[in-house]
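> So that we are looking at the same thing, I have put the structure below in structure tokens.
The values are calculated or read from the model by the stated rules, or taken from the named source; none is laboratory data. This one's a predicted model, so the numbers in the text were calculated from it and none came from an experiment. Using ideal geometry, Cβ is built from the backbone for each residue, glycine included, and neighbour counts are taken over all protein chains shown.
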Amino acid sequence: MRTPLVIGNWKMHGTLVEARALAAGLRDGLKRPRGVQVVVCPPFTSLAAVSEILTGGPIQLGAQTCHHEAAGAHTGEISIPMLAEVGCRWTLVGHSERRKEMGESDQLINLKLRALLAQGLTPVLCVGETAEERRQGLTFTTVEGQLRAGLAGVGTDEIAKTVLAYEPVWAIGTGVNASPTQAAEVQGYLRGLLSELASKETAQTVRILYGGSVKAENAEVLLAEPEVDGALVGGASLNAQSFIGIVRKAARIGTAAKE
Ligand code: PEP
């Protein structure tokens, strides 16, 4: 049984005041979520403030990216020890916006993922094809390349501590989500690859989230797919009520699966 996981990616949104209000809304609205794990990833400038608000509660803190070195002359970067110090236990790696806008390569993503595992944070490795790649029938080739490169040199025990997110680029921020069948097809493929890279048993324990225009309205059908172990949510995580709506749907599915 894989506990559903819902992660909010706030991207580059929100002042400190807005981040505090959103975090307080989530804290008050999700006092004891059952059958689901919840993480939010605010911008760096809000991490410490959000951490203070969420400390002691069930919602955990994550970052949107990190540098793979612990310290050094890397202007503008944030290290994993810095993230851990403010309470982050999770970090996204390989989000398509960073691959595209910041030119992050599979090799750099692998360095970050391995550094996170070495320092005890959970990496959430994002993979996904563009619309053009899907049109050309390259969906599986693309996600397989990203997965193999992202997990290069990572042992079975460490793969077991990793979370994957299937995020088709054409579905991110567009309002067009993958259908449950499309998500399940790719996620099942990724799980098959995990069996090969780690072991069949480990592959069954790794959570694979779906991300791309998830809203309270479509969360239920997506999360009902056995291959979809939760959601990575961008736009809809910026409003406390809509994010809570998604978490409640995941909780219902998670609790039902346990009974
Ligand atoms: C994301 O940023 O990972 C994402 C899935 O965004 P959205 O939910 O807005 O499509």
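> Conditions: (1) at pLDDT below 95; (2) within 18 Å of the chain's Cα centre (by Cα). Ile59 meets all but one. Number of the miss?
Result: Ile59 passes all but (1).
> Out of (1) touching a residue at least 60 places away in the same chain (Cβ under 8 Å); (2) farther than 26 Å from Leu121 by Cα; (3) in contact with a Leu (Cβ under 7 Å, 6 or more places away or on another chain), the odd one out for Lys249 is which?
Of (1) touching a residue at least 60 places away in the same chain (Cβ under 8 Å); (2) farther than 26 Å from Leu121 by Cα; (3) in contact with a Leu (Cβ under 7 Å, 6 or more places away or on another chain), only one is false for Lys249: (1).
> Within region 216-235, work out how many residues are in contact with a strand residue (DSSP E or B) (Cβ under 8 Å, 6 or more places away or on another chain), in contact (Cβ under 8 Å) with a residue 40 or more places away in the chain and in a helix (DSSP H, G or I).
Qualifying residue count, region 216-235: 2.
> Next up: Considering only residues that are among the aliphatic types (A, V, I, L, M) and touching a Ser or Thr at 6+ places or on another chain (Cβ under 6 Å), which ones fall in region 78-115?
Correct list: Val86 only.
> Shifting gears a bit: Within region 169-177, does at least one residue satisfy the condition of being out of contact with any helix residue (DSSP H, G or I) (no Cβ under 7 Å at 6 or more places or on another chain), within 25 Å of Thr130 (Cα to Cα), touching a residue at least 40 places away in the same chain (Cβ under 8 Å) and aliphatic (A, V, I, L, M)?
Checking region 169-177: at least one residue is out of contact with any helix residue (DSSP H, G or I) (no Cβ under 7 Å at 6 or more places or on another chain), within 25 Å of Thr130 (Cα to Cα), touching a residue at least 40 places away in the same chain (Cβ under 8 Å) and aliphatic (A, V, I, L, M).
> Can you list the strands (runs of 3 or more DSSP E) found entirely within region 1-77 that contain at least 3 residues being crowded, with 17+ Cβ neighbours inside 10 Å and away from the ligand (no atom under 16 Å from the Cβ)?
So the answer is 59-63.
> Still on this structure, I have one more. Scanning region 161-178 for residues that are surrounded by 16 or more Cβ atoms within 10 Å (Cβ to Cβ) and among the aliphatic types (A, V, I, L, M), which turns out nearest to the ligand (Cβ to nearest atom)?
Ile172
> What residue, of Leu125, Leu138, Leu116, is in contact (Cβ under 8 Å) with a residue 40 or more places away in the chain and away from the ligand (no atom under 16 Å from the Cβ)?
Every option except Leu116 fails the conditions.
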